[in-house]
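Each reported figure results from applying straightforward, stated rules to the coordinates on display, with no laboratory input. Nothing here was measured: the structure is a model prediction, and the numbers come from that model. Here the Cβ positions follow ideal geometry from the backbone for every residue, glycine too, while neighbour counts run over all protein chains shown.
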């Protein structure tokens, strides 16, 4: 969302990619930061250090100016949703309210910082007394195992919609909203680059569930439901495509010096590549896999998000777009 530094307020804005008109409130960072109001600072330097990802700088100012205003907005939505559900159940059905998890979807490109953003948002939201139980699930757990991807010749399409077990993903979200307890989500290992056999994350009716992944806002024509049908709120992390590509390469080179050096790493064979060759490999992966996925499947879903957060090359959010419909 380039060139979007406009005064905050209701704005009818044409999307730069295809000219569709949608009403947004557009907040430059200082105006968004002011919406924190009196929400207290809830994370310290040690918390941030334990939650930030590879080559993704996050400061106390980012928490104060970006995450705390967002947590206030989300708290208002959570409490309003609870009130509405209670009113409908009591007045219309005549039954006591069964509290359902408030589900937040987070979408965006590979390398844009979704994982760090989701972890920090989880930490900030869990400090609110209204909803202390905040769970985080990533769609990596719903990827098909490597053996299945290899059988279907999809390893080069990992991260594309067809590489996920969409039926399992939708079944999980439907069961969550139906009040099912102790739901099991497969665990994905970035080191092994595969689903971990017989290991699960258990989700037991949290107050809030953050559901983070590449294609969580995508529509799938052959499916009766899509993931976003179960979302109460959605966020898209945005940045210029060339900037994301540079971040991806930087992260790849950092991992080459760290995680790839483990003998158990799927990418261990890359650990000793000369820097120039490793950079060429990273840019080739971006060009062949991540860029087409971004252009074809991820970026077109941006306008489906309730909030779009645009990041500058230094990773800092500079503008927030809030959709009014």
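Per DSSP H run of at least 4 residues, take -39500 (n - 2.57); add these up for the chain, divide by its residues and hand me the 222 nm value, nearest 500 deg cm²/dmol. Walk me through the numbers on the way to the answer.
Details: 8 runs with 91 residues, N = 325.
It comes out at -8500 deg cm²/dmol, rounded to the nearest 500.
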> What FRET efficiency comes out for the pair residue 262/residue 91, r = Cβ-Cβ distance, R0 = 56 Å, nearest 0.05?
Replying inline: 0.45
> Spin-label point model (7 Å from Cα, Cβ direction): what's the residue 222 to residue 99 distance in nm?
Replying inline: 4.0
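Report relative contact order for the range 10-323 in percent, whole number only (criteria: Cα-Cα under 8 Å, sequence separation at least 6). Please list the in-between numbers first.
Details: 491 pairs, mean separation 73.8, N = 314.
Result for the range 10-323 is 23 percent.
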> Any idea how far apart residue 288 and residue 154 come out in nm if each label point goes 7 Å out from Cα toward Cβ?
Replying inline: 1.9
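Using a 10 Å cut-off on Cβ atoms, rank the peptides 156-162, 44-50 from the highest mean neighbour count down. Working shown, then result.
Details: 156-162: 15.9, 44-50: 11.4.
Put in order of decreasing packing, that is 156-162, 44-50.
Per 0.36 nm of contour for each residue apart, how much would the distance between residue 204 and residue 81 grow if the chain were fully extended, relative to their Cα-Cα spacing?
Details: separation 123, 0.36 × 123 = 44.28 nm, distance 1.97 nm.
So the extension gain works out to 42.3 nm.
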